[in-house]
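Notes to accompany the following structure.
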Amino acid sequence: MTSRLSPEFDLFAVQGRKTGFIRIPHSVHRSAYGHIAWPVAVIAHGQGPTVLLMAGNHGDEYEGQAALGQLIRELDPSHVSGRLVIVPSANFPAAMAGRRTSPIDEGNLNRSFPGDPDGTITEQIAYFLEEVVMPRVQFLIDLHSGGSSLMYIPAALVRHSHDAQHQAENIAMLQAFGAPISYLTGMGQGQGADRTASAGAARKGVRHFGTELGGGGQITPAALRTCRDGLRRVLHRLGALSVCDAPPAPPTRLLAVRGSDYFVHAPEDGLFEPLVELGDTVHRGQAAGLIHSLQTPWRTPEVAHFERDGLVICKRVPGQTQRGDCLFHLGTDLEG
């Protein structure tokens, strides 16, 4: 099977800094022979690894998109050792709409891998990334945040590895990035884990590095600074940058996310009143939040509880919630 998407230039042949678009065929009422112009950049120089950097996997996660635009503008190509393929807005239709999912097909790109060359626009994007780009790179850096509905303590993350050497290298990358917290995923069950970009990278033998850089439908100076400096330190550690102009990494707290009991979900529809904040240490059985009924406001609020001990690393932002919405997300110290 062959992708229908066509870059304006060969992503794996150009040298120096090159920007342009990948054309996604899109025939609609207003444009019979039209295409979506999906932005891409390549910065290549000398010998070294090939790294795919992407953000906007979810279109309402803005921090990584801004950081990669900054990287394209600021990075001196002579400091690159190898090749950086940079996709600032991976689900471009979603990014243009400021939505988690695409307004064209409601596709969630991070639940669409390995994709389909003849599928929806989102499935075609996933297929292009996994089957055209990933086989030719050694590393994937996929920048996420909490988007419109969640706020994270700025964090970096990697997939857990049973290989001791890989695990040590993963932890070294987390320490090089220098986010306030870092955590390992894939240590328990997770929804849709086999359809994420990180799972696609694993299928292709590509090492993965990710982030959750804040969220709340905004960009904060602190999150953007964490991303800018962390990216340069990680690229330098990978051997893709010969010069790193970022300050030394601050210490990071290493955590693990092991299973569904690390998450708290709304038991009812209503107004969410959090009873704890980001960075709090909580205990199993502790009240996490109250859900106030809109339809029967005189009713005693429902109580959501934590199912385990842990550190609060993520909190829901919108006050109105529905049964099943994620309210909190915990991590536990890696040694535990």
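Distant-in-sequence amide contacts of ASP269, defined by a placed amide H-H separation under 5 Å and a gap of 5 or more residues or a different chain, comprise ARG323. In this rough spin-label picture, where each label sits 7 Å from Cα along the Cβ direction, the SER149-ASP269 distance is 1.5 nm.
Roughly what angle does helix 62-74 make with the longest principal axis of the chain, taking Cα atoms, 0 to 90 degrees, to the nearest 10? Long axis of 62-74 versus the principal axis of the chain: about 30 degrees. For ALA222 and TRP298, the difference between the fully extended length at 0.36 nm per residue and the C-alpha to C-alpha distance is 23.2 nm. Rounded, prolate or oblate: pick one for segment 216-336, where a ≥ b ≥ c are the square roots of the eigenvalues of its C-alpha gyration tensor, a/c under 1.5 means rounded, and failing that, prolate if a/b is larger than b/c, else oblate. Verdict is prolate for segment 216-336. Among rounded, prolate and oblate, which fits the chain when a ≥ b ≥ c are the square roots of the eigenvalues of its C-alpha gyration tensor, a/c under 1.5 means rounded, and a/b larger than b/c means prolate? Oblate, since a/c reaches 1.5 and b/c is not below a/b.
Would you mind telling me the antiparallel percentage of the DSSP bridges in the chain, rounded to 5? In the chain, DSSP labels about 65 percent of beta bridges as antiparallel.
Over the chain, what is the mean sequence separation of C-alpha contacts under 8 Å (at least six apart), divided by residue count, expressed as relative contact order in percent?
Contact order relative to length: 15 percent.
Remark: spin-label model distance GLN286-SER31 equals 5.1 nm, labels positioned 7 Å along the Cα→Cβ axis. Using the rule -39500 (n - 2.57) for each DSSP H run of four or more residues, divided by the residues of the chain, the 222 nm mean residue ellipticity is -5500 deg cm²/dmol. Distance between the modelled labels on SER242 and SER6, one decimal in nanometres: 3.7 nm (7 Å Cα→Cβ projection). With the alpha-carbon atoms of segment 145-295 aligned to their principal axes, the span from lowest to highest coordinate is 60, 34, 26 Å, starting with the largest.
Each of the peptides 143-156, 300-313 was scored by the mean count of other Cβ atoms within 10 Å over its residues; in descending order, highest first, they stand as 143-156, 300-313.
Residues whose amide H falls under 5 Å from that of GLY46, counting only those 5 or more places apart or on a different chain, are GLY82, with hydrogens built in the peptide plane.
Rounded to the nearest 0.05, what FRET efficiency do GLU277 and LEU254 have when you use their Cβ-Cβ distance and R0 = 22 Å? Spell out each step's value before the answer.
Numbers: r = 21 Å, r/R0 = 0.98.
Efficiency, rounded to the nearest 0.05: 0.55.
Quick one: go through segment 252-278 and flag any residue whose amide nitrogen is under 14 Å from the point 7 Å out along the Cα-to-Cβ line of THR332. Hits in segment 252-278 for THR332 at 14 Å: 255-263. Calculate how steeply helix 164-177 sits against the longest principal axis of the alpha-carbon atoms of the chain, using the helix alpha-carbon long axis, and give the answer as 0 to 90 degrees to the nearest 10. Value to nearest ten degrees: 90. For the chain, a Gaussian network of Cα nodes joined below 10 Å ranks GLN65, GLN47, GLN218 by mean-square fluctuation, and the top entry is GLN47.
Once the Cα atoms are used to define both axes, helix 221-237 deviates from the longest principal axis of the chain by about 50 degrees.
Every number here is computed from the coordinates shown, using simple stated rules; none is lab data. Just so it is clear, the structure is predicted and the values come from calculations on it, not from any experiment. With ideal geometry, Cβ positions are generated from the backbone for all residues, glycine too; neighbour counts draw on all protein chains shown.
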